[in-house]
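Enquirer: Below you will find the structure I want to go over with you.
The values are calculated or read from the model by the stated rules, or taken from the named source; none is laboratory data. Quick caveat: nothing in here was measured; it's all calculated off a predicted structure. Cβ atoms come from the backbone with ideal geometry, glycine included; neighbour counts cover every protein chain shown.
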Amino acid sequence: MLRESVIEAISVPAYWCHTGNLISLATTSSFLSTTTSGSVSVSTTSSSASISITTTTPTPCFCTAWSQISPAVAACMSITLDNIHAPASSAIILTKLKTGATVTFSGKTSFAFTNSSQFRPLQIAGNNVTIQGAPGSIIDGGGPQYWDGLGSNGGLPKPGQFMKVQITNNSIMKDLYIQNYPSHGINVAGVLNSTIQNIVLNNSLGDAPNSISKGLAAAHNTDAFNVGNSINLLLQDCKVWNQDDCVVVSDSSNVTVRNVFCSGSHGLSIAGGGTGPGHNISNIVFTDSIVTNSTNGLRIKTDYNATGSVVNVTYSNIQLSNIKTYGIDIQQDYLNGGPSGIASNGVKVANISFSNISGWVVPKAADYYIFCGDGSCGDFTFDNVDIRGGTKASRCNYPAEGCPGPYTAEYR
């Protein structure tokens, strides 16, 4: 005859909750199973019973291994990546963060060698997210494994963009120290209503030649911040040591870049134009910054035979020193392999303001160079602009009165 019984209390040793195994225990009268942590169901049989406990391991939000990152992104609002080493061909992907999530890089983040120009080691996207570095943390791109003096123009395949960032809706990325990235640094793509601040990109190790760079700086094409297709971005309080553009803005509007230090770079740049519609840049401010030991100081470059516009750009309160080629450079004959020497007029460049700009270039440099297409430049203003030191004649075909500054020679 079947006999019913009730188990009023069962005491389970605590260590059972951490094994992740199926545990069975013979009893005299009941069947009891746990299908999730903290859940118990009871059934009875006539003469014997068993306890079957199935446990699940909690998702770690404090990650110490690359394999833990994906489940943490799916489950956690606060994630710490502590001393993560990503295996070869394995990116740190943070593109499906929960709205409002926080990610903190702690310790040293590193990446195994990946021989591919399509590889993007670090990918970030999210709404109203916080991306931050803990005090003393380092993100190391392993640049010396790739550097050959050619960058993305040839040689050894290397990650074309070290970090891709697409943060929106009051997101912030801050307090990151990044060093030795292989080629292009941070691709700020499609950022909306967000702030990037207190970022250090230190590629100074790449200034020196290595055994395969043939006397050239080992690192090349190491743009720090490539800003594109972004609206309402504040980029501030950053320091850069690199071998290409410090900050370059393209196809964006309402971008402010302030309190930036640039060394070894190609300067604070606008890159305008492209093929087809949509290559427009407007309302860009560069202010309260320093550019030193660099190829150019302040630059607007528009592609040869391109279309688009660059309007409402302000450079203010900027100090230049030890500039190697041009203090202020506006040219409409830009090509990646070198200028064409023929300025095209498909990109409108207008309402460009320079105020409180001072500093010096090396003797072999030119203080100013402005080379506009026929009728494509307008409304340039220079207020308290004084760049000196270049013995190479400044050349400006716009405005009509020629270049600003003490060493003026019009280029016609």
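Enquirer: Looking at (1) assigned to a strand (DSSP E or B); (2) surrounded by fewer than 23 Cβ atoms within 10 Å (Cβ to Cβ), find the lone condition where ILE370 falls short.
Expert: In the conditions (1) assigned to a strand (DSSP E or B); (2) surrounded by fewer than 23 Cβ atoms within 10 Å (Cβ to Cβ), ILE370 misses (2) alone.
Enquirer: Specify which of the listed residues (PRO339, PRO363, PRO399) is in contact with an Asp or Glu (Cβ under 6 Å, 6 or more places away or on another chain), surrounded by fewer than 20 Cβ atoms within 10 Å (Cβ to Cβ) and either within 28 Å of ILE290 (Cβ to Cβ) or at pLDDT 95 or above (or both).
Expert: PRO339
Enquirer: From ASP333, ASP329, grab the single residue that is acidic (Asp, Glu) and surrounded by fewer than 23 Cβ atoms within 10 Å (Cβ to Cβ).
Expert: Result: ASP333 is the single residue among ASP333, ASP329 that is acidic (Asp, Glu) and surrounded by fewer than 23 Cβ atoms within 10 Å (Cβ to Cβ).
Enquirer: Would you check which residues across the range 289-309 are farther than 15 Å from VAL247 by Cβ and either of a type outside the set (S, T, N, Q) or not assigned by TED's automatic domain parsing to the domain that holds TYR369 (or both) and list them?
Expert: ASP303, TYR304, ALA306, GLY308
Enquirer: Can you tell me which residues in the range 169-192 are touching a Ser or Thr at 6+ places or on another chain (Cβ under 6 Å) and more than 13 Å from PHE225 (Cβ to Cβ)?
Expert: Across the range 169-192, the qualifying residues are SER171, ILE172, SER183, LEU192.
Enquirer: Same structure, new question: So is ASN345 touching a helix residue (DSSP H, G or I) at 6+ places or on another chain (Cβ under 9 Å), farther than 16 Å from ASP386 by Cα and surrounded by fewer than 20 Cβ atoms within 10 Å (Cβ to Cβ) or not?
Expert: Judged against the criteria, ASN345 is not a match.
Enquirer: Something else now. Looking at SER70, SER47, SER90, SER37, which is the one that is part of a loop (DSSP other than H, G, I, E, B), more than 21 Å from ASP175 (Cβ to Cβ), at pLDDT 95 or above and of a type in the set (Gly, Ala, Ser)?
Expert: Answer to the selection: SER90.
Enquirer: Residues of the range 331-348 being more than 22 Å from ASP244 (Cβ to Cβ) and assigned to a strand (DSSP E or B), which ones?
Expert: Across the range 331-348, the qualifying residue is only LYS348.
Enquirer: While we're on this one: Restricting attention to the range 248-257, report how many residues are within 24 Å of GLY154 (Cβ to Cβ) and part of a loop (DSSP other than H, G, I, E, B).
Expert: Adding up the residues that qualify gives 0.
Enquirer: Let me ask another. For the range 123-137, give me each residue that is within 23 Å of PRO159 (Cα to Cα) and surrounded by 18 or more Cβ atoms within 10 Å (Cβ to Cβ).
Expert: ILE124, ALA125, GLY126, ILE131, GLY133, SER137
Enquirer: Turning to a different aspect of this structure: If I filter the range 265-304 down to residues being part of a loop (DSSP other than H, G, I, E, B) and surrounded by fewer than 17 Cβ atoms within 10 Å (Cβ to Cβ), which single residue comes out as modelled with the highest pLDDT?
Expert: ASN293
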